[in-house]
Amino acid sequence: EEKTIADVVEKTKPYVDSVIVVDDGSVDDTFSVAQSAGATVIRHRKNEGYGTAIRTCFNAARKFNADILVILDGDGQHHPEHIPKLIDAMHKKDLDIVIGSRFSKMQNDIPTYRRFGIAVLNQITAMFSKGKFDSQSGFRAYSRKAIRLINPVENGMGVSSEILIKAREHDLKVGEVPITVSYEDARPSQHPVSHGLGVIVSIIRLIGQRHPLIFFGFSGLIFFGGGMMSGWWVLNRYNEVHILPVGIALITVILVILGVFLMTMGMTMWVIQDTIRRSIAEHEGHREVVESAVNGVEMKK
């Protein structure tokens with residue numbers, strides 16, 4: 001972003017205490033231009049993805065003990081003058097995450113294909129997060145609590161949805177404010193289709209990891225039920241004409257096996273998760289008992 005980053009840094013300075021630019025292995029002069037503009041630049045040796053850059057932002061915020069972390073894109077599509085709106089909303093509504101929404105009140109010239117794709121991703125993300133927001137907006141503000149509790153792991157574009165899903169798990173308050181965006185000079189870092197598929201895969205992976213019994217068990221139950229219905233039809237057909245429909249019978253076997261496999265995998269993963277969770281809880285409880293005993297001894301002394 002050598003053409004836009006200096007302008008973004010200069011326009012951001014009046015609204016914050018410090019500007020940090022994450023250079024995700026760019027091959028142009030982004031690093032030197034951002035430094036010359038007065039930003040602190042954290043440089044990745046190679047391109048690691050949008051999610052990794054966001055994780056670096058959170059790590060930097062924790063390192064510098066920031067009260068509020070505001071993240072915006074470096075390509076000029078976000079307007080830094082909106083930063084006070086996000087921060088004001090955070091204080092007035094006692095929010096932990098404030099999203100700059102491209103679809104609230106203000107009119108934005110968003111290409112039709114982007115608008116449709118974002119709407120689909122918003123709906124999918126809303127199924128597993130706290131409400132329906134502009135889930136793919138990169139313009140956000142995070143409170144100290146959110147900075148402490150959220151540790152993104154996704155390397156790709158799915159990190160935006162991941163953060164909202166984790167916000168629900170940590171019972172963080174999320175809201176949004178309307179913003180304007182400029183797409184004239186901004187160019188997507190990924191093809192819209194690969195972007196969308198990447199986000200969906202990330203959401204599926206995240207839900208599968210966190211709720212294996214529901215995700216894999218329910219999916220397995222659907223496949224198993226479909227196999228049983230198909231098998232019932234095969235048996236009836238065979239009784240009627242005394243000819244085995246081999247193709248449907250084969251599909252039946254595949255559905256039943258897949259269903260049993262998914263249900264077994266979901267149960268196994270849930271047992272492993274539950275065992276780890278209980279082990280951690282016991283360890284924490286033991287540590288609290290030890291600390292309490294030590295404190296008691298020190299008080300007597």
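The values are calculated or read from the model by the stated rules, or taken from the named source; none is laboratory data. This is a predicted model, so every value here is computed, not measured. Cβ atoms come from the backbone with ideal geometry, glycine included; neighbour counts cover every protein chain shown. SASA here: full protein model, heavy atoms, side chains in, ligands and nucleic acids out. Shrake-Rupley method; radii C 1.70, N 1.55, O 1.52, S 1.80 Å.
Just a few scattered comments:
- Whole-percent carbon and sulfur share, accessible surface of segment 1-99, 1.4 Å: 48 percent
- The calculated FRET efficiency for Ile248 paired with Asn151, based on their beta-carbon distance and R0 = 45 Å, is about 0.40.
- Ranked by the mean number of other Cβ atoms within 10 Å per residue, highest first, peptides 49-55, 28-34 order as 49-55, 28-34.
- Rolling a 1.4 Å probe across the protein heavy atoms gives segment 1-95 an accessible surface of 55 Å² per residue.
- Cα centroid separation - segment 6-43 against segment 229-273, whole Å: 57 Å
- Our estimate of slack between Phe261 and Asp7, defined as 0.36 nm per intervening residue step minus the Cα-Cα distance, is 86.0 nm.
- Estimated distance in nm for a label pair at Arg45 and Asp171, the labels positioned 7 Å out from Cα along Cα-to-Cβ: 4.3 nm
- If the segment from Ile200 to Thr275 were pulled out straight at 0.36 nm per residue, it would be longer than the present Cα-Cα gap by 24.1 nm.
- Rounded FRET efficiency, nearest 0.05, which uses the C-beta distance separating Phe64 from Lys92 and R0 of 35 Å: 0.90
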